[in-house]
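A quick write-up on the structure given underneath.
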Amino acid sequence: MGADSHDRAGETEGTDVPQQAADLVILGGGSGGYACALRAAELGMSVVLVEKDKLGGTCLHRGCIPTKALLHAAEVADHARDGANVGVLSQLIGIDMAGVHSYKDGVVSRLYKGLQGLVKSRKIELVAGAGTFHAPDAVEVDGTVYTGRNVVLATGSYAKTLPDLEIGGRIVTSDQALTWDSVPQKVVILGGGVIGVEFASVYRSFGAEVTVVEALPRLVAGEDEFASKLLERAFRRRKITAKTGVRFTGAKQANDTVAVSLESGEELEADLLLVAVGRGPNTTGHGYEQAGLAMDRGFVTTDERLRTNLPGVYAVGDIVAGLQLAHRGFQQGIFVAEDIAGLEPAVIDEAGIPRVTYCDPEVASVGLTEAQARERHGEIETLTYDLGGNGKSQILQTSGAIKLVRAKDGPVVGIHMVGARVGELIGEAQLVYNWEAEPGDVAPLVHAHPTQNEALGEAHLALAGKPLHTHG
């Protein structure tokens, strides 16, 4: 810990409010905040962790975990419906949403209890309440000031909406959709990013008629164009309608329906309008700007080591511009704890953070898109391996492909995958990218048969000039 941090620890002394001091005060107990707290405690720091809602934040309670539980229930529904395709005489009688929610909430509850026990076992002081950042070394909660040699801001994000579009009734965000008590017959989803396509997949599997409206030219626009095309093709097969390059102009509720108007003049009628236009940084109402914290479009400004403009103050997770992923915040929290402890951890490469969209089919990627690679490296090579040549993918009855992007005669700089369960392949893929492996480094590695993991090996074999199960 730097000397400047020690010198600042007494800045708020002399006030009349109760004070408690610690080595580290963390505002926000989501993925970034609690990971930072656990690692800091492991490194011998005294830690105060402030959370106004529930430990685990959006990811555990309203994001990653409950949505993936819904997606698993949707997968089970599809298997029941399609059992005859593999000789199993099953059928889908219906969806019991109360039962689905009971299953989902049970998963969340078990993880929540485990996390609470973990924090308690590390002797981290968990403070329940809304914290206000007052000074570089102070956070106030319900009249008590907690001072730290260092402060980490980790207040997460919120579900955004559009101007003049009021959330309520049959117009919901993902927060309300997670507790909706019935399966709508018709759903319009505003936004074709990660959240939008995941909910589109769930609702379709549950039997709803689904239309996705996206203003950008393609679904999952942050991914390589190859992935968008394969996903859009798969959605057409599943009879999910995707209206891309189309702007929303308004919505009106009447009785039990919502009328959704588009700029094209078209009007869509639905039982439910899900607004999935992304998430914004949760930085208002916490005293950030009043304390002199540098901000940009609502995000906290940091350097590559996640330091803000205020001495001893760091920011992690969704309040820092970049990928809004729980595992990004988690790793940033660990990084900051180690940085404060003087361990000098390596800076996190944003492109090296794996990305997975858990719709059916899944989309997974790490590294650069083809367009980004051309911009950064100039001359590149690409290779696409179709999952039609992979035995396990045929057993799973999934279509899709793996695309590799490499710098000319250099390392693999991008891996993009579409297909059932390809999210489970991202572990090896992120090692290939982050260790700057060339195709020839991966080609000799033995991949178990029959697995989808073999498809990664086959793709690298082909890019190394040794194609086996590929035509041409």
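The values are calculated or read from the model by the stated rules, or taken from the named source; none is laboratory data. Note that the structure is predicted; figures quoted are calculated from it, not measured. Virtual Cβ from ideal backbone geometry, glycine too; neighbours counted across all protein chains shown. We work out accessible area using only protein heavy atoms, side chains counted, and drop any ligands, DNA or RNA first. Shrake-Rupley method; radii C 1.70, N 1.55, O 1.52, S 1.80 Å.
Some observations on this one:
- Once the gyration tensor of the Cα atoms in the chain is diagonalised, the equivalent ellipsoid follows with semi-axes of 39, 30, 21 Å, ordered largest first.
- Percent accessible area from carbon and sulfur atoms, the chain, protein chains only, probe 1.4 Å: 49 percent
- Spatial offset of segment 315-340 relative to segment 271-308 amounts to 13 Å, using the alpha carbon center of each.
- Placing +1 on the Cβ of every Lys and Arg and -1 on the Cβ of every Asp and Glu, with no other charges, gives the chain a dipole of roughly 1160 debye about its Cα centre.
- Using R0 = 25 Å, the C-beta based FRET efficiency linking Lys123 and Ala346 works out to 0.30.
- Spatially, segment 104-167 and segment 26-47 are offset by 11 Å when compared through their Cα centroids.
- Cα centre as origin, Lys/Arg/Asp/Glu Cβ charges: segment 368-443 dipole, Debye: 260 debye
- Accessible area (Å², 1.4 Å probe, nearest 10) - Leu190: 10 Å²
- Sparsely packed loop sites in segment 402-453 (the trypsin sites (Lys or Arg not before Pro) outside DSSP H, G, I, E and B with at most 13 other Cβ atoms within 10 Å) comprise Lys408.
- Tail fraction, Cα-Cα pairs, segment 309-371, threshold 21 Å, whole percent: 33 percent
- Point-to-point label distance, Thr382-Tyr103, nm (Cα→Cβ direction, 7 Å offset): 3.8 nm
- Pair Arg374, Arg307: separation of 7 Å Cα→Cβ label points (nm): 3.9 nm
- Beta bridges per DSSP with both ends in the chain, % antiparallel, nearest 5: 60 percent
- Å² per residue, accessible surface of the chain at 1.4 Å: 46 Å²
- Computed on protein heavy atoms with a 1.4 Å probe, the accessible areas place Ser46, Ser121 in the order Ser121, Ser46, largest first.
- Ranking Leu89, Gly378, Gly427 by Cα position along the charge dipole of the chain, where only Lys, Arg, Asp and Glu carry charges on their C-beta atoms, puts Leu89 farthest toward the positive end.
- In the chain, taking the dipole from charged Cβ atoms about the Cα centre, the farthest positive-side position among Leu273, Gly148, Gly400 is held by Gly400.
- Against the criterion of solvent-accessible heavy-atom surface with a 1.4 angstrom probe, Val202, Val86 sort, most first, into Val86, Val202.
- Sites counted here are GluC sites (Glu not before Pro) in a DSSP loop (not H, G, I, E or B) having no more than 15 other Cβ atoms within 10 Å; the longest part of the chain that contains none of them is 14-165.
- When each of Lys239/Lys403; Lys54/Lys104; Lys54/Lys120 is checked by Cα-Cα distance, pairs over 21 Å: Lys239/Lys403
- Dipole magnitude for segment 225-351: about 600 debye, using +1 per Lys or Arg Cβ and -1 per Asp or Glu Cβ, origin at the Cα centre.
- Segment Arg237-Asp441, extension gain: residue separation times 0.36 nm, minus the distance between their alpha carbons: 69.7 nm
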